[in-house]
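Following: one structure in structure tokens, then a few remarks.
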2 protein chains.
Amino acid sequence: MADEALSAGAVARRLGVAVTTLRTWHQRYGLGPSQHVPGHHRRYTAADLARLEIMRRLTAEGITPAEAARWARQTPAPGLAGEVSTDALVEVRPLGVRDGGGQTIPVGRAGPAARGLARAAMRLDSVAIGETIARALAADGVVATWDGLLRPVLVGIGERHAATGGLVEVEHVVSRCVSEAFATVTRAGPATGPARILLSCADEEQHTLPLEALAAALAEANVAYRMLGARVPAAALVEAVNRTGPAAVVVWSHLQATADPAQLTVLLASPRRPLLVLAAGPGWRADSLPAGVVRPVDLAEAVALALAVRDSLGQPAGH
Amino acid sequence: MADEALSAGAVARRLGVAVTTLRTWHQRYGLGPSQHVPGHHRRYTAADLARLEIMRRLTAEGITPAEAARWARQTPAPGLAGEVSTDALVEVRPLGVRDGGGQTIPVGRAGPAARGLARAAMRLDSVAIGETIARALAADGVVATWDGLLRPVLVGIGERHAATGGLVEVEHVVSRCVSEAFATVTRAGPATGPARILLSCADEEQHTLPLEALAAALAEANVAYRMLGARVPAAALVEAVNRTGPAAVVVWSHLQATADPAQLTVLLASPRRPLLVLAAGPGWRADSLPAGVVRPVDLAEAVALALAVRDSLGQPAGH
DNA sequence: ATAACGACGCAGGAATCGACGCAACTCGTA
DNA sequence: TACGAGTTGCGTCGATTCCTGCGTCGTTAT
């Protein structure tokens, strides 16, 4: 048993926080090396690190740092199995405990889970990010998770990025984790019946996440679909429509620059014109859309429309 | 070539350090002649010298002596796929003709599975595509599936696309299915230990699939990593490196346009300089890479290098 | 006789310390 | 809706601690 005396920098790197934060946690919450002479360097033992790991896990769950520190401090030093039931903690929120700010992502009143996700994101802790998302997906489903957890955090990152220009790495890590989480949902739900719904990004549009959310929501509802992905030229979209003859087509555009209504018009003029053409995303201008195009306001509406198409045309043995 | 036991002075002269330093390295880091009785003269064998060579080169590259000693000490004496020598790797491959996928195999020799995958792709049948990939992954693992199945098909589609201009939808559907398959692999393997490997695309680079393959291969081997994803500006990459202090960084570039060596140079000049910087992908020009950058030729080599980093630095022992 | 040994110490530089402050986020209240 | 109070993460600054390569000294192996 060698004494793994980790330095402050090493611990900070491992946790994904700044060295100064480690010092702050020590003096504010008493969460530091058990043996530390003031003025000397901090040397974290395995037990100290375990405490900090608990701190990291609890804050990633959305628990107030002060509260998390209280739990981390009271854990028995020996033994790695310091499992703390987090579910109970989320519910019980003592009065007078506020959520603070600091270097974080604004999530508004999106709940503790979103705050925890934001914190894990700032630390680039992809494991915690993935676990949080998976838990939310299992508990609340795709639509609720998207609206209540993922979108607030993603929007927060986007705003901060637009304002300061930074946070690019954070955005990428979160996006990737969200993609992976949606992918597991997608893979888990085996599609039944033919895919009559086609999902596609607009030409040059690179943002896929909302479309992936829709895909996951459809998979959750056992609705078959086809996902084309990002940067689909109008010709390729028409080609796909002609080849597969979908009942509904969803075209996502995040930016106005990618929202050329012509690619929708071409769709409507296609030989195998789909019953429903959805222009989704904030890029589209309502007044410039060709007639016959529906514009859902949120994920729930898009899912509902897609389900309607499935229900009306799902059974080939009609009347 | 018999192993002439070198004296301390000879070794010191060869390495360019003082004799006392050799003694210091021995008693501080345990980096000395494997057989040495206290009080007697040190006699360095070839293996001992090799260890010291590693020590010298790593410290010359700006790596903390303690960390460099850890590398040198745990290097297997008989070259077990281990030779850490970055310079050697760069020089051994004077012209890396292709490595991300230059070979023109029209899916013909790649086996029946590839043919079936190509057919399902043309049909935009994402279910069949996903099943084929999942089956191959389960049977052959990530690396073999990538080299033997996915890369041939993707390359074939790419060539056809370049020639005819069509097949965009096919490419997108296949890419998405591959991503999802890799994501399930990624999610299935719980990472153990801190993530010391950082995966990132070059600036403006949009192709993520090869990086996702690497991530899946690492997850398959239970190696923790961090994936940044596509279009990572150099500043964001440096930011992530400084925040998480990884041991190895893999930067993927598919196109020459995105392979600016400056973003690697910045990495090497970073305060928390990683031990290993891998320039992966066909975009990089071997002759324009800064010294100290390793250029893996294929997925297997990249995985092997990453594993070496994990194995060599698993335990951050104290002094 | 020469080179190496072990112990000790030293100077330069990197990392960290403690204190302070700032900016940003939430939430209750006017 | 706007604003102040409470939190929180982290940057900055001068001082201090720690690491590291190497020189010196008396002794010992070759």
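The values are calculated or read from the model by the stated rules, or taken from the named source; none is laboratory data. Here the structure is a predicted model, which is why all the values come from computation and not from measurement. Neighbour counts run over all protein chains shown; Cβ positions are idealised from the backbone, glycine included. The protein model used for the area step is the full one, side chains on, heavy atoms only, and it has no ligands, DNA or RNA in it. Shrake-Rupley method; radii C 1.70, N 1.55, O 1.52, S 1.80 Å.
Numbers for the structure displayed
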{"quantity": "Pick from the range B:180-211, criterion open to solvent by 10 Å² or more (accessible area, probe 1.4 Å) and under 12 Å from residue B:229 (Cα atoms), ranking: farthest from the other protein chains (Cβ to nearest Cβ)", "calculated": "B:210"}
{"quantity": "Conditions (1) within 30 Å of residue B:223 (Cα to Cα); (2) more than 9 Å from chain A (Cβ to nearest Cβ); (3) open to solvent by 50 Å² or more (accessible area, probe 1.4 Å); number of the one not met by residue B:127", "calculated": "(2)"}
{"quantity": "Criterion violated by residue B:236 - all others in (1) in a loop (DSSP other than H, G, I, E, B); (2) small (Gly, Ala, Ser); (3) without any contact (Cβ under 8 Å) to a residue 24 or more places away in the chain satisfied", "calculated": "(1)"}
{"quantity": "First in the range A:220-233 and assigned by TED's automatic domain parsing to the domain that holds residue A:136, second anywhere and open to solvent by less than 10 Å² (accessible area, probe 1.4 Å) and assigned to a loop (DSSP other than H, G, I, E, B), Cβ under 7 Å, 6 or more apart", "calculated": "none"}
{"quantity": "Residue check, residue A:257 aliphatic (A, V, I, L, M) and surrounded by fewer than 16 Cβ atoms within 10 Å (Cβ to Cβ)", "calculated": "yes"}
{"quantity": "Residues located in the range B:219-243, provided they are within 8 Å of chain A (Cβ to nearest Cβ) and of a type in the set (Val, Ile, Thr)", "calculated": "B:232"}
{"quantity": "Near pairs, Cβ below 6 angstrom, 6+ apart or cross-chain, from the range A:14-32 (more than 22 Å from residue B:193 (Cα to Cα)) to any residue that is near DNA strand D (Cβ under 7 Å from one of its atoms) and modelled with pLDDT under 95", "calculated": "none"}
{"quantity": "Positions within the range B:59-70 being within 13 Å of DNA strand C (Cβ to nearest atom) and either surrounded by fewer than 20 Cβ atoms within 10 Å (Cβ to Cβ) or in contact (Cβ under 8 Å) with a residue 40 or more places away in the chain (or both), in sequence order", "calculated": "B:59, B:62, B:63, B:64, B:65, B:66, B:67"}
{"quantity": "Residue A:216 vs. criteria within 13 Å of chain B (Cβ to nearest Cβ), among the hydrophobic types (A, V, I, L, M, F, W, C) and in a loop (DSSP other than H, G, I, E, B)", "calculated": "no"}
{"quantity": "Criterion: away from DNA strand D (no atom under 12 Å from the Cβ) and open to solvent by less than 50 Å² (accessible area, probe 1.4 Å) - qualifying residue of A:51, A:56", "calculated": "A:51"}
{"quantity": "Odd one out for residue B:107 among (1) more than 16 Å from DNA strand D (Cβ to nearest atom); (2) in contact with a helix residue (DSSP H, G or I) (Cβ under 7 Å, 6 or more places away or on another chain); (3) at pLDDT 65 or above", "calculated": "(3)"}
{"quantity": "Qualifying residue in the range B:293-304 (condition: open to solvent by less than 10 Å² (accessible area, probe 1.4 Å), under 13 Å from the mean Cα position of the chain (by Cα) and closer than 24 Å to residue A:9 by Cβ)", "calculated": "no"}
{"quantity": "Matching entry among B:161, B:172 (being within 12 Å of chain A (Cβ to nearest Cβ) and either surrounded by fewer than 20 Cβ atoms within 10 Å (Cβ to Cβ) or aromatic (Phe, Trp, Tyr) (or both))", "calculated": "B:161"}
{"quantity": "Selected residue (only one of A:291, A:280, A:286, A:269 is modelled with pLDDT of 90 or more and assigned by TED's automatic domain parsing to the domain that holds residue A:205)", "calculated": "A:280"}
{"quantity": "Positions within the range A:33-55 being away from every other protein chain (no Cβ under 14 Å), within 8 Å of DNA strand C (Cβ to nearest atom) and in contact with a helix residue (DSSP H, G or I) (Cβ under 8 Å, 6 or more places away or on another chain), in sequence order", "calculated": "A:36"}
{"quantity": "Members of the range B:23-36 that are of a type outside the set (Lys, Arg) and near DNA strand D (Cβ under 8 Å from one of its atoms)", "calculated": "B:24, B:25, B:29"}
{"quantity": "Hits in the range A:25-46 - residues which are open to solvent by less than 30 Å² (accessible area, probe 1.4 Å) and of a type in the set (A, V, I, L, M, F, W, C)", "calculated": "A:25, A:31"}
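Per-residue answers, yes or no, for (1) among the β-branched types (Val, Ile, Thr); (2) in contact with a Ser or Thr (Cβ under 7 Å, 6 or more places away or on another chain); (3) farther than 22 Å from residue B:70 by Cα:
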{"position": "B:244", "(1), (2), (3)": "yes, no, no"}
{"position": "B:255", "(1), (2), (3)": "no, no, yes"}
{"position": "B:271", "(1), (2), (3)": "no, no, no"}
{"position": "B:278", "(1), (2), (3)": "no, no, no"}
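Conditions tested, residue by residue: (1) among the hydroxyl-bearing types (Ser, Thr, Tyr); (2) in a strand (DSSP E or B).
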{"position": "B:184", "(1), (2)": "yes, no"}
{"position": "B:199", "(1), (2)": "no, yes"}
{"position": "B:207", "(1), (2)": "no, no"}
{"position": "B:212", "(1), (2)": "no, no"}
